[in-house]
Structures are given as structure tokens and as C-alpha cells.
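S.K.: Got a structure here, written out as C-alpha cells. Questions coming.
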Amino acid sequence: MGSSYSGYDCGICLEKNCNIQLGCSHHFHKKCLKQYMEDGYQSNPIAFNYLNCSICRTRVSKNDFKIKKYLSLEREAIKTIDDNLHKYPDIASISRDELLNHIIIQRCYECGVCFDNGLKICTANNPNEEEKEEEKNKLCSECVAKYKHKYNLDKGKIGNICQKHDIEHAIYKCDSCCGVASFCCSGYYCCKRCHDDILGRNKDNMYKVNKYECYPCPGPEKCPFKFKHPKNENIFSAKVHFVLGCKKCK
């Protein structure tokens, strides 16, 4: 017997046969809602609007959907804001939920801890600010001090940065698979397979590549690199590029 919501369109994929209704009366497929939540949870910086209905922005209730994991991340972010609120006297009086929309909460790329990364800047009318946003720290203060030899934070590059040549002769990991990048395409590093395969299937509009199109890491035991590296992402989604070594010093 089908769900009583099967005649409604999903608020995410727009297909019928929904099987869940939120308290705001909007309908979804459970798998679509779960993926929507997971994408927001994994985002970095973290955009906490993923805890709201994608249609009306009403907060999703824990009675509607299993959001315990996602709420724990929000609590960690709010604690981070409370610890740093003295830096923002102009907005200190607004609610904690609203502060999540004003302050950048970043997940440290090294230890995974949430940290305050400054106020959000609207780049719509200030295109020059977009580059500044990209240059913000990717590490918490403790990891910056601990791993400063390993990271080139100003250029979004991490890994085995050469202390002699910096990234001038860097060898990059492919952003989309566990392989070595052959070249840089539009600011992203990719091997020939990922470039020809992923972009080849989307050559009519390469900027609409499915964000899940990549070759996931098979895990530490089967990964050819045998060490921890950033998550493999869609070519145009990668925010950090991993340096494997230096061509001059290898």
C-alpha cells in the first residue's frame, strides 16, 4: 500500500511518491531530505539553514525527522559563538539562531573542531570581497600553530608544501579521485580521466556538473596514497587542493 503522501511533489527533487510530511505541511522523500541534511552537515563553512524546510524555511522538528546528529553540531557552533561574542559587540544582542547567519562557523580541516572565522560578507555588490572570503583560515588557531609548515592557507593549498619552493613546482592530487592531477582546469586540479569523463559527459554546460560526480576514496587500506587526504569532490566543488610533493625536490 502506497504512502498517503504519494500524490504530492517532493520539495527537493520535485518527483511524486513522497513518504514524509513535515510540521510545516510540506512533503518530501525521506532519502531526499536525508541527503539535503547530510549535504548541509558536511558543508564547510557550515550553513545551518539546512535545518530548515527547503521550501518555507520553517525549522525542521526532531519529531518530524531524525536530526539529533545535526543538532549536536549546531550546539557546538553556538558554544563557539558564545566563547567569541565579545569580538562582535554590534550584534551581541541578537538571538543565537540569528548569529549563526552572521558569523562564519568553519570546521577545521585538520582536527574537525568548529571555530569562529569572522563575520559573513555579502559579495553580491562587492565582488572584490569574494576573493577575501576564499582566503579565510581553513584551520583553527591551535592547528595553525601546530601545522603551519604543512599548509599554504592564503592559496587554499594543503598537504606536503615544499619549504624551499612553496607551491611553485607543486604536484597536486586530483580533486575528484585518488590519482595525481595532470593539469589545472579553470582553477581545479584533475587527472585526464576525471577531466575527460566527468566534464566530457557535461560538455554542453560544464558548470552544471552533478556535484556528486567524483570517484570516492576506497578507504585507507585500498587508497593508493595510503594516507589521509581531503574528501574527493566534484571538480567544481573542491575548495582545497592537496599537494603531494614538489617536482624539483622529489
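The values are calculated or read from the model by the stated rules, or taken from the named source; none is laboratory data. Everything numeric here is computed off the predicted structure, so don't read it as measured data. Cβ placement follows ideal geometry from the backbone for every residue including glycine, while neighbour counts extend to all protein chains displayed.
S.K.: So residue 61 clears everything in (1) touching a Gly at 6+ places or on another chain (Cβ under 7 Å); (2) under 29 Å from residue 140 (Cα atoms) except one condition, right? Which one?
M.R.: Every condition holds for residue 61 apart from (2).
S.K.: Still on this structure, I have one more. Determine if the stretch 21-40 includes at least one residue that is free of Cβ contacts under 8 Å to residues at least 60 places away in the same chain, within 27 Å of residue 142 (Cα to Cα) and not acidic (Asp, Glu).
M.R.: Within the stretch 21-40, one or more residues are free of Cβ contacts under 8 Å to residues at least 60 places away in the same chain, within 27 Å of residue 142 (Cα to Cα) and not acidic (Asp, Glu).
S.K.: Sticking with this structure for a sec: If I ask for residues that are in a helix (DSSP H, G or I) and touching a residue at least 40 places away in the same chain (Cβ under 8 Å), which ones from the stretch 56-73 would you list? Steps first, please.
M.R.: We begin by selecting, within the stretch 56-73, every residue in a helix (DSSP H, G or I); these are 68-73.
Once the filter is applied, which keeps residues that are in a helix (DSSP H, G or I) and touching a residue at least 40 places away in the same chain (Cβ under 8 Å), the stretch 56-73 yields only 73.
S.K.: For residues that are of a type in the set (Ser, Thr, Tyr) and surrounded by 11 or more Cβ atoms within 10 Å (Cβ to Cβ), scanning just the stretch 73-94, find the one that is nearest to residue 38 (Cα to Cα).
M.R.: Within the stretch 73-94, the first condition is being of a type in the set (Ser, Thr, Tyr), and the residues that meet it are 80, 88, 93.
Filter once more, keeping what is surrounded by 11 or more Cβ atoms within 10 Å (Cβ to Cβ): 80, 88.
Numbers: 80: 21, 88: 30 Å.
Applying the filter and picking the extreme gives 80.
S.K.: Would you mind telling me which numbered condition in (1) without any contact (Cβ under 8 Å) to a residue 24 or more places away in the chain; (2) in a helix (DSSP H, G or I); (3) more than 20 Å from the chain's Cα centre (by Cα) residue 18 fails?
M.R.: It is condition (2) that residue 18 fails.
S.K.: What strands (runs of 3 or more DSSP E) lie completely within the stretch 159-250 and have 2 or more residues being modelled with pLDDT of 85 or more and surrounded by 12 or more Cβ atoms within 10 Å (Cβ to Cβ)?
M.R.: Working: elements: 170-172, 183-185, 188-190, 241-246.
Strands (runs of 3 or more DSSP E) meeting the threshold: 170-172, 188-190, 241-246.
Conditions (1) farther than 25 Å from residue 142 by Cα; (2) assigned to a helix (DSSP H, G or I); (3) in contact with a helix residue (DSSP H, G or I) (Cβ under 7 Å, 6 or more places away or on another chain), marked per residue:
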site	(1), (2), (3)
44	no, no, no
54	yes, no, yes
75	no, yes, no
115	no, no, yes
